[in-house]
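Before any comments, here is the structure.
The values are calculated or read from the model by the stated rules, or taken from the named source; none is laboratory data. The structure presented is a predicted model; accordingly, all values stated were derived computationally and were not measured. Note that we place each Cβ from the backbone using ideal geometry, even for glycine, and neighbour counts take in every protein chain shown.
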Amino acid sequence: MIETVTDINKNQWEELLANSPYASVFQSISFFDFLNSLSFLKGFVFGVLENEKLVGVVSGYIVKEGNELKGYFSRRAIIHGGLLLAPECSELALETLLQFTISRLRKKVIYVEIRNYRDYSRYKDIFDKNGFSYFEHLNFHIQTPDKDTVFSQLNTTKRRDVRISIKNGAELVDNPTIEQIREYYSLLDDLYSTKIKLPLFPLEFFEKLYLTDFGKFFLLSYQEKIIGGSVCVELQNEVLYEMFVCGLDREYKNIYASTLATWFAIEYASNNKIKHFDMMGAGKPDEGYGVREFKSKFGGEVVEYGRFKFIVNSILYNIGIIGVKFLRRK
């Protein structure tokens, strides 16, 4: 017997997270609770039971930008990490979960996007059968067995940049204050508005993430100023995910802030028995992507786990695509 649920037994959810080969922090109870603490988005979670046992969970959020008109054209559901599935989850149970997810979201969003951080290739046909298109998307995974190993895996230039930056006085901030996080956010906001030209979560996201156990901030200080940092989330003993990184790389001679911030995050993973470091995306394989060049220098393995996307309204979706392209050309 297969049954869908929206009120999931927390003990079963924790057990599934602990035993699933597709576990990620983004499909955890703690991350779901964090999402629902935010004022600018709405978290959702759906589950599927097979013979009264929880075998699948999908958790994500609905978000939109700007005023009422802009929000209407940008409303979307994002599911980070992919679905949380038990090894014994049947095809029928997965189909049921996908169909239920779309039925609950289709009146609220223009599209649903699942960003995979593990390999779901065995389920591609099931997603396709249920209206999800697959889009190739690259990523880097860095194995983090110990500090010496991960440092030796860095590109020669990156090793030099780390050593020089530390020698010249750049430091990792232990236990940053809320004011320092706000200082970091202003740097990140400037990067997103002038170069990346994509929406950035409000400051509230970062302030509340800092209060969680899984949020990790690796901020850099130089001459008593915050000059960059990496913001990560952790699935304990398993994965450290780098959600955001930025730095004033051209402002200070011989201080390579973005490189050093990412290194401090990788170093943390290696020192805390975390199996690997996930760089959370390196663009589409057929498109140029400058950030991919930066990420490739840290010794990680290129993986292509892609994204599944269900388009609810193709007209509004295509208008949104045109709008994003226009903003990036400005």
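Here are some notes:
- Of everything listed in (1) farther than 17 Å from Y61 by Cβ; (2) part of a loop (DSSP other than H, G, I, E, B), the single unmet condition for F127 is (2).
- With respect to the stated conditions, N175 fails to be touching a helix residue (DSSP H, G or I) at 6+ places or on another chain (Cβ under 7 Å), polar (S, T, N, Q) and surrounded by fewer than 20 Cβ atoms within 10 Å (Cβ to Cβ).
- Going through (1) without any contact (Cβ under 8 Å) to a residue 12 or more places away in the chain; (2) farther than 30 Å from K253 by Cβ one by one, D213 falls short only on (1).
- Within the stretch 257-272, considering residues that are surrounded by 24 or more Cβ atoms within 10 Å (Cβ to Cβ) and not hydrophobic (A, V, I, L, M, F, W, C), the one farthest from the chain's Cα centre (by Cα): T259
- Leading residue by the ranking (surrounded by the most Cβ atoms within 10 Å (Cβ to Cβ)) among those in the stretch 216-237 that are without any contact (Cβ under 8 Å) to a residue 60 or more places away in the chain and among the charged types (D, E, K, R): K216
- Condition broken by L84, with the remaining ones in (1) farther than 20 Å from V5 by Cβ; (2) within 18 Å of the chain's Cα centre (by Cα) satisfied: (1)
- With respect to (1) over 30 Å from S20 (Cβ atoms); (2) in a loop (DSSP other than H, G, I, E, B); (3) touching a helix residue (DSSP H, G or I) at 6+ places or on another chain (Cβ under 9 Å), the lone exception for T212 is condition (1).
- Checking each residue in the stretch 191-204 for being within 16 Å of V291 (Cβ to Cβ) and in a helix (DSSP H, G or I) picks out L191, Y192, T194, K195, I196.
- Residue match in the stretch 300-314 (condition: in the same structural domain as I29 (by TED's automatic domain parsing) and free of Cβ contacts under 8 Å to residues at least 12 places away in the same chain): yes
- Residue count for the stretch 198-214, restricted to those that are surrounded by fewer than 20 Cβ atoms within 10 Å (Cβ to Cβ) and touching a strand residue (DSSP E or B) at 6+ places or on another chain (Cβ under 7 Å): 2
- Sole residue being in contact with a Cys (Cβ under 6 Å, 6 or more places away or on another chain), in the same structural domain as F264 (by TED's automatic domain parsing) and on the phi > 0 side of the Ramachandran plot, chosen from G228, G169: G228
- Sole exception among (1) out of contact with any strand residue (DSSP E or B) (no Cβ under 6 Å at 6 or more places or on another chain); (2) in the same structural domain as I319 (by TED's automatic domain parsing); (3) among the small types (G, A, S) for A93, by number: (1)
- A261 meets all of the listed conditions (1) among the small types (G, A, S); (2) in a helix (DSSP H, G or I); (3) under 30 Å from E14 (Cβ atoms) but one, namely (3).
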